[in-house]
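The values are calculated or read from the model by the stated rules, or taken from the named source; none is laboratory data. From a predicted model like this one, the values you see are computed outputs, not experimental measurements. A quick note on method: Cβ atoms are made from the backbone with ideal geometry, for glycine too, and the neighbour counts reach across all protein chains shown. For accessibility, only protein heavy atoms count, side chains too; no ligands or nucleic acids. Shrake-Rupley method; radii C 1.70, N 1.55, O 1.52, S 1.80 Å.
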Amino acid sequence: GWQVSMKSGSLSYILPCNRLPVQLMSQVRVYTSNGQKKDLGSEDTNGSAHGETLHKVETGRQDTTNAGQKQSSPKQPIQVKVKAVLKKREYGPKYTQNNFITGVRAINEFCLKSSDLDQLRKIKRRSPHDDTETFTVYLRSDVEAKSLEVWGSPEALARERKRRKEAEIKYRENLFRNQRLLWEYKEFFGNTKPRSSKAAMFFKGPGKVVMVAICINGLNFFFKLLAWVYTGSASMFSEAIHSLADTCNQALLALGISQSARTPDPSHPYGFTNMRYIASLISGVGIFMMGAGLSWYHGIIGLLHPHPVESLLWAYCILAGSLVSEGATLLVAINEIRRSARAKGLSFYQYVVQSRDPSTNVVLLEDAAAVLSVAVAATCMGLTSITGNPYYDSVGSLGVGTLLGTVSAFLIYTNTEALLGRSIEPEQLQRLTELLESDPVVRAIHDVKATDMGMSKVRFKAEVDFDGRVVTRSYLEKQDIEQLLQEIQQVKTLEELEAFMLKHGENIIDTLGAEVDRLEKDLKQRNPDVRHVDLEIL
């Protein structure tokens with residue numbers, strides 16, 4: 001039957017027993033982070049009156065036969081394996097006072113001057129920028145204390161922040177006026193640092209091609225317009241509109257090239273490179289609406305209301321001159337694309353289809369369309385002069401419009417694909433991946449993305465699984481091993497162990513950050529097209 005009920009610690013046990021009561025004794029030691037220990041077993045032994053209770057069933061037969069047979073069993077202690085753990089630390093606002101803050105943030109967020117920071121403690125940390133190895137930071141607690149010393153109270157600091165915020169909003173509202181004043185200041189006193197002149201961009205490369213095309217197409221438009229006024233030819237009108245559209249579009253390309261050279265700012269941290277693609281996209285839309293649309297309209301009007309064409313001698317002369325000038329511009333664009341494609345290791349066709357240089361592509365396609373349209377216009381005008389049927393001339397206008405529509409559709413498609421953010425070539429992506437995986441510190445890489453930002457600029461992103469053993473070994477190679485061994489031997493308590501691990505753990509994290517910087521630098525050096533590298537620690 002159930003005859004024995006006993007209690008050990010806070011747990012009660014009911015043991016089945018016929019004759020002998022059983023005693024269970026245990027001793028548990030609890031270790032804390034300060035090295036103290038508590039003996040909980042003594043509480044059970046001292047309080048045996050309420051820790052061990054014997055219940056008997058009152059029966060006459062058991063009282064007479066079992067009264068002299070009670071024996072107590074020997075005490076058998078239970079061995080308990082205890083795991084010593086650190087007490088979980090609660091990190092509150094007081095702990096974050098040890099955070100670092102840069103000088104620029106300290107001046108902006110706490111309304112201080114650079115002279116106020118001279119008296120504070122300076123700490124050298126690893127710089128996240130490529131041009132510097134270390135930079136100076138300050139303890140946030142020191143900066144906050146200094147701001148209260150300067151402004152007197154948190155309320156006064158809040159009022160100053162509000163005043164500066166209102167001044168910043170007012171400055172942005174008058175941004176155009178301020179930029180104008182800044183430009184006049186630079187013109188009068190000179191620039192504070194040397195900058196590359198934007199005008200130099202139009203004397204080489206795509207800028208040179210665009211400027212040559214603007215000059216030639218502008219002259220062509222003027223002479224074609226005179227020929228249309230003299231002859232009244234629908235094909236000549238389409239050619240004049242075509243040259244005007246080319247001139248306007250190439251002026252837009254020149255603006256895009258100029259804007260793409262702007263330096264990055266906080267609002268556009270990756271720069272303005274895509275301005276070339278935007279200008280080319282607008283140019284393609286302009287060709288479709290202005291060039292193709294007006295050519296179709298004039299051709300349809302000529303079919304519905306035909307009228308005789310005057311002498312075409314001057315028109316032929318102007319078309320011949322246009323063919324020579326447009327052909328010269330086309331050759332300039334072809335030579336530029338060949339040179340750029342050879343430098344990138346691509347074929348001529350791949351370079352054009354991938355829209356590596358949108359400005360030169362627009363000039364190439366516009367001039368190619370111009371040469372073909374001159375041939376179409378001359379053929380249709382010749383048929384009209386031979387047969388006397390003005391319908392051939394109107395059909396030529398429709399042919400020129402169709403040709404311009406095809407070119408504009410291709411430009412819209414290629415530039416839209418570039419603006420959406422396409423991936424780089426698989427071969428180039430494979431080379432970047434193999435370069436990372438061949439490094440000893442990298443175990444594996446995942447979720448690799450390489451986006452072509454345009455104009456030979458690539459943004460590379462990957463999640464990297466680092467080998468912690470290699471990182472730790474890299475840290476140990478820079479340490480004095482004997483001194484480190486002495487520090488380990490001096491560790492006696494949990495507090496000393498915690499301090500030792502925190503000290504070297506932070507240094508190992510800094511070493512990991514340095515390894516990330518090294519990998520990013522190697523990727524940029526071995527692949528000049530890679531301008532931005534984002535490596536995420538997995």
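Structure values in brief
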quantity: Portion, in percent, of the accessible area of segment 426-537 that falls on carbon or sulfur, probe 1.4 Å; calculated: 52
quantity: Span from the segment 395-466 Cα centroid across to the segment 491-538 one, whole angstrom; calculated: 30
quantity: Fraction of accessible area attributable to carbon and sulfur, segment 271-384 (%, probe 1.4 Å); calculated: 74
quantity: Global form of segment 426-537, assessed from the alpha-carbon gyration tensor, a/c cut-off 1.5; calculated: prolate
quantity: Placed amide H near V442: partners under 5 Å, 5+ positions off or other chain; calculated: D467
quantity: Karplus 3J(HN,Hα) series, Hz, for segment 372-385 with 6.51 cos²θ - 1.76 cosθ + 1.60 (x for Gly, Pro); calculated: 5, 5, 4, 5, 5, 5, 5, 5, 5, 5, x, 4, 5, 5
quantity: Extension gain (nm, one decimal) between L219 and R518, 0.36 nm per residue minus Cα-Cα; calculated: 102.2 nm
quantity: Computed E for S114/E427 - FRET, C-beta separation, R0 56 angstrom, nearest 0.05; calculated: 0.65
quantity: Per-residue SASA entry for W228, accessible area with 1.4 Å probe, Å² rounded to 10; calculated: 70
quantity: Per-residue HN-Hα couplings for segment 115-120 [Karplus 6.51, -1.76, 1.60; θ = phi - 60°; Hz; x = Gly/Pro]; calculated: 5, 5, 7, 5, 8, 8
quantity: From phi via Karplus (6.51, -1.76, 1.60), per-residue ³J(HN,Hα) for segment 435-442 in Hz, x at Gly/Pro; calculated: 5, 6, 5, 7, 7, x, 6, 9
quantity: For peptides 425-438, 451-464, sequence by mean Cβ density within 10 Å, most packed first; calculated: 451-464, 425-438
quantity: Which listed pairs, of K204/K344; K208/K461; K122/K162; K124/K146, have C-alpha distances above 26 Å, in listed order; calculated: K208/K461; K122/K162
quantity: P(r) histogram, all alpha-carbon pairs of segment 198-420 included - 5 Å bins from 0, percent; calculated: 1, 8, 15, 18, 18, 13, 10, 7, 5, 3, 1, 0, 0, 0
quantity: Computed lengthening from S153 to K204, 0.36 nm per intervening residue step minus Cα-Cα distance; calculated: 12.4 nm
quantity: H298 - accessible surface, heavy atoms, 1.4 Å probe, Å² rounded to 10; calculated: 40
quantity: Gained length - R262 relative to E166, 0.36 nm times residue gap less alpha-carbon distance; calculated: 31.7 nm
